[in-house]
Amino acid sequence: MNTDMKRMIGRVREGLGRLEYRVGLFVLIPAVVVVLFILVKLGYSLATSTMDIYVKVNSISSLKKGTPVQIKGYQLGRVVDVRPLFKPALHFIATLRIGKDIELYEDCAAVITNQNVIGDPVVELRNPEKKGAFLREGDVIEGIESGSIEDIMTKVNTLLTEVTAIVTLYREVSQESRGDIRRLVSSLAGSIQNINSILQNSQKDIIDIIGSMRKTARTLDEVSSEIKRNPMKFLFSGKKE
Amino acid sequence: MAPLLEFINVSCAAAEPVEGLSFSIGAGENAVFFGVEQSGLRTLTQLMLNLEELYSGDIRYRGKTLQGLDYLGKLRYKNEIGYVHGDYGLISNMTVEQNIALRLDYYSEYSPGEITRITERLMGELNILDKRKARPVELTASQIFRTAYGRAVAHDPGLLIIEHAFTGLSPLNISSFMDVLKRRVESPDKSVVFVTYDPQKFLDFADNFIMLYQGRVVFSGDRREFRESENPYLVQYRNVALEGPMDIR
Amino acid sequence: MADGQNNGTRVGALPVTIGAAVLRFWDGVRDFGAFVYSIFQSFKSLRFIRMRAIYAIILQQTKYTGIDALPFIIVIAMLLGGVVIIQGMTNLPKFGIEGYFGNLLVIIIARELGPLVTALIVISRSGSAMATETATQQWSKEILALEISGIDPRLFIVIPRIAATILSIFSLIIFFDIVAFLGGYFISLTTIYIPLDMFFQNLGTAFSLKDLAATILKSLVFGLLIPLASCYYGMMPRSKFEIPIFVSRAVSRTLFFTILLNAAISVAFYFTWLE
């Protein structure tokens, strides 16, 4: 004990104590940083089955916390955070927490779209044609907004409202032709379903969707103008065939 | 009992070759090796320190040969001996105290407290206690020599070899050191070997005087013989004469 | 005969020169190998010695090599981190830049610049100092005195310096990386806003365990090479006149082999490992 004390005092007197302290800190700080890093790294990859990736978007009109993330209609995860970035110009970064079980590639795109005409938004991930490196935790991908689709949807909605109004009018006009009206309504519902299925299935080609939407809208325009011009003929022409 | 250090017909073809060296130094005996430059003193020291390994004949320390020692055997031998040389070779970034304690710190089983006691006692004996925190650059020549001596005897070796150690020191400082040296020289089981150009300095200490010339022993005798012998080599050396059997250049 | 020799010198001058250079190089490698072997040999006496003697030297050397170099490293890391980010900002397309900052820093700083610049600083500060110190100790017979004291100079001089240099380089690289990342982040803030947590999450993702393994391996290799080569050349001089020659040789060759080994490790880690 006595010699130990002496030794300690001797060392402190020589400045070795101070030196030991400094060298200890110098070596320990990086060692702790590295150990923590390894623990976090190992723990993170072992403990979680999800990863966070970022999507850069220009506006968040449809994107909010909880928006589902899908690939080919299969739900992978959800948007957990959306925050604005002010430089270089105002834009937004959405954090997507998605499962690791599906292979995604670095160059994949995130299309922000509506999963049905009712207007529920969804982030649809799409793998590129050419497969490169895997998408990893923390990667940033570009968000593509299909704003035009939304416009068309609005148009279709307006149109449908109009059609419904006309149909209601005609229900009052002709009680007998109710069955035919029902047929029209159901055929309209079928066409809406078609639109939906087009939206869901033909994601590969947005232009096609837009084209078919336009076509549908045109047809509906024609139908409605025909009904306006000659409602009776229109209603009963189907019966003849 | 086997002598402390024994050379049996040792020949070595080094830069300063030696041939057929045979002598023995008993425990407690002190010897002086002297001669002119290039007489083989250097090689002799190297051989005693086991730094020169290519030689014929046999060198024995306490009856055991030094020939073909392995790594650890060499270390053990070096731990049995002490050595002070003219260049001193103090570790320049260590203090006097650290230099003296070096070997103890490194090898011995002493506790730090015991090491401090030993070094303090040595520094006290050598009159350098006030310089314990000084580095070699702050010391005078004789203080450096005293520190080197302290380092060489810190582990209390059986054999101490002092080679050309007093060069560059003032005679007065040497005399004050001689008192310290005397205590070691007089102890019955410790031997000191001096390798020097100036054997007269050690007249009071040494039991054997051995003179080398061209790598061979040309004179060997005790104190009285050293003073009185008519050996022509010795006479020439004693008289500092240029005329004689030795060719001095 | 003389004629033939002349002819030989003229015709065979180039092969002879190359051959001599190769032989010299090979001799050097063998000699260095023997030196390294003798250091391994000196481990035999490890069990006899008290660690306290070596411990003090390791502390001192770590202070000189590591702590004293820290301010230097911090300034250089900050500048280099900033430069990398500025170059990245001006040369990378703005597209998706937030995602690439982390990767850019990790690739350039953590994988290459950090270990290499640290090694270069350690060579210029401590490698040269070690070579000079050893050479001076050799010349002033301190090494001889150690040897005769039964203290293996390799164990006493080289081993603590290896330990200290490995510790120092490793710590310095980590400090370098941290400072460079932070410096890079703050400089990038002037042009583009990235939230701190996102930046570090990004960085953490980009910095893989493989990068860490490469960093540790590099600090081990450099930490071995620098003191070994410095002390090897430091023990070479046989006269005062030769000290500057061998010190300069120690520094230049350590530099060369450090860059070579850095490239070799990078190739081994990031080239052949490609999936």
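Key figures
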quantity: First in the stretch C:29-53 and within 11 Å of another protein chain (Cβ to nearest Cβ), second anywhere and open to solvent by 80 Å² or more (accessible area, probe 1.4 Å) and of a type outside the set (Lys, Arg), Cβ under 9 Å, 6 or more apart; calculated: C:LYS44/B:ASP70; C:ARG50/B:GLU109
quantity: Elements of type helices (runs of 4 or more DSSP H) contained in the stretch A:134-241, each with 3 or more residues being at pLDDT 70 or above and exposed (fewer than 12 other Cβ atoms within 10 Å of the Cβ); calculated: A:147-173, A:178-201, A:206-229
quantity: B:GLU19 in contact (Cβ under 8 Å) with a residue 24 or more places away in the chain and within 21 Å of B:LEU160 (Cβ to Cβ); calculated: no
quantity: Selection from the stretch B:128-143 of residues that are of a type in the set (D, E, K, R), without any contact (Cβ under 8 Å) to a residue 40 or more places away in the chain and outside any helix (DSSP H, G or I); calculated: B:ARG132, B:LYS133
quantity: Every residue from the stretch A:120-133 that is touching a residue at least 60 places away in the same chain (Cβ under 8 Å) and either within 14 Å of chain C (Cβ to nearest Cβ) or open to solvent by 60 Å² or more (accessible area, probe 1.4 Å) (or both); calculated: A:ARG126
quantity: Checking A:ALA94 against (1) surrounded by fewer than 16 Cβ atoms within 10 Å (Cβ to Cβ); (2) among the small types (Gly, Ala, Ser); (3) closer than 30 Å to A:ILE192 by Cβ, the condition it does not meet; calculated: (1)
quantity: Single unsatisfied condition, B:GLU243 versus (1) in a loop (DSSP other than H, G, I, E, B); (2) under 10 Å from B:GLY35 (Cα atoms); calculated: (2)
quantity: All positions within the stretch B:95-125 that are surrounded by 20 or more Cβ atoms within 10 Å (Cβ to Cβ) and within 14 Å of chain C (Cβ to nearest Cβ); calculated: B:GLU97, B:GLN98, B:ASN99, B:ILE100, B:ALA101, B:LEU102, B:ARG103, B:LEU104, B:ASP105, B:TYR106, B:ILE115, B:THR119
quantity: Matching residues, the stretch B:126-168, being of a type outside the set (Val, Ile, Thr) and open to solvent by 70 Å² or more (accessible area, probe 1.4 Å); calculated: B:ASN127, B:LEU129, B:ASP130, B:LYS133, B:ARG135, B:GLU138, B:ASP156, B:GLY168
quantity: Residues being aliphatic (A, V, I, L, M), open to solvent by 10 Å² or more (accessible area, probe 1.4 Å) and facing another protein chain (nearest Cβ under 10 Å) - total across the stretch C:193-202; calculated: 0
quantity: Contacts under 6 angstrom Cβ, first residue in the stretch C:235-246 being closer than 9 Å to C:GLN138 by Cα, partner at pLDDT 90 or above and not small (Gly, Ala, Ser), 6 or more apart; calculated: C:MET235/C:THR134; C:MET236/C:PHE246; C:PRO237/C:ILE243; C:PRO237/C:PHE246
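Condition check ((1) away from every other protein chain (no Cβ under 13 Å); (2) open to solvent by 30 Å² or more (accessible area, probe 1.4 Å); (3) modelled with pLDDT of 90 or more; (4) not in a helix (DSSP H, G or I)) across all residues:
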position	(1), (2), (3), (4)
C:ILE123	yes, no, yes, no
C:GLU133	no, yes, yes, no
C:GLU147	no, yes, no, no
C:PHE170	no, yes, yes, no
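Every residue, every condition in (1) in a loop (DSSP other than H, G, I, E, B); (2) open to solvent by 10 Å² or more (accessible area, probe 1.4 Å); (3) β-branched (Val, Ile, Thr), yes or no:
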{"position": "B:THR43", "(1), (2), (3)": "no, no, yes"}
{"position": "B:GLU52", "(1), (2), (3)": "yes, yes, no"}
{"position": "B:LEU72", "(1), (2), (3)": "no, yes, no"}
{"position": "B:TYR83", "(1), (2), (3)": "no, yes, no"}
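The values are calculated or read from the model by the stated rules, or taken from the named source; none is laboratory data. Keep in mind that what you see is a predicted model, and the values were worked out from it rather than measured. Cβ: placed from backbone, ideal geometry, glycine included. Neighbour counts: every protein chain shown. Ligands, DNA and RNA are excluded from the accessible area calculation, which covers all protein heavy atoms including side chains. Shrake-Rupley method; radii C 1.70, N 1.55, O 1.52, S 1.80 Å.
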